[in-house]
């Protein structure tokens, strides 16, 4: 049985490597190949995903600072970047709130970029109009 499997694999590799080489150079995109909404959606996706680590970091720090002040400045609630070592860990609900807030902020950044881009495009078209 092993001989049949080895022979089959050998013949399969021989067949694959004996195929003629084909041109695999991709063609460059044309200027109007994709509609404008696809470009806008892709830009929004890149901005949303790219801003998420920053919004997650700052949301986490902000939450820890608020929690520190709400606990009447107790030492176990000192945020980690500010010297807190023995901090109280976050509860599941707090982690979910931080995640939802960070995702919402990232989406808001992407939407504001879209709106600002539309305003700038409109102003540019008005400036070029005779």
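Residues being in contact with a helix residue (DSSP H, G or I) (Cβ under 8 Å, 6 or more places away or on another chain) and closer than 23 Å to residue 113 by Cβ: count how many of those fall in the stretch 62-77.
0
Could we say that residue 70 is more than 30 Å from the chain's Cα centre (by Cα), more than 30 Å from residue 121 (Cα to Cα) and either touching a residue at least 40 places away in the same chain (Cβ under 8 Å) or exposed (fewer than 10 other Cβ atoms within 10 Å of the Cβ) (or both) here?
The answer is no for residue 70.
Scan the stretch 65-85 for residues that are more than 22 Å from residue 109 (Cβ to Cβ), modelled with pLDDT of 80 or more and part of a helix (DSSP H, G or I) and jot them down.
Within the stretch 65-85, 67, 68, 69, 70 meet the criteria.
With (1) outside any loop (DSSP other than H, G, I, E, B); (2) over 16 Å from residue 55 (Cβ atoms) as the list, and residue 88 as the residue in question, which single condition is left unmet?
Status for residue 88: all satisfied but (1).
Checking residue 95 against (1) at pLDDT below 85; (2) on the phi < 0 side of the Ramachandran plot, only one condition comes out false. Which one?
Residue 95 satisfies all of (1) at pLDDT below 85; (2) on the phi < 0 side of the Ramachandran plot except (1).
If you go through the stretch 1-57 one residue at a time, how many are under 30 Å from residue 113 (Cα atoms) and outside any helix (DSSP H, G or I)?
Final tally of qualifying residues: 8.
Looking at 62, 44, 50, which is the one that is farther than 15 Å from residue 104 by Cβ and surrounded by 12 or more Cβ atoms within 10 Å (Cβ to Cβ)?
50
The values are calculated or read from the model by the stated rules, or taken from the named source; none is laboratory data. Small disclaimer: the values here were computed from a predicted structure and weren't measured. Methodologically, a virtual Cβ is constructed for each residue, glycine included, from the backbone with ideal geometry; neighbour enumeration extends over all protein chains shown.
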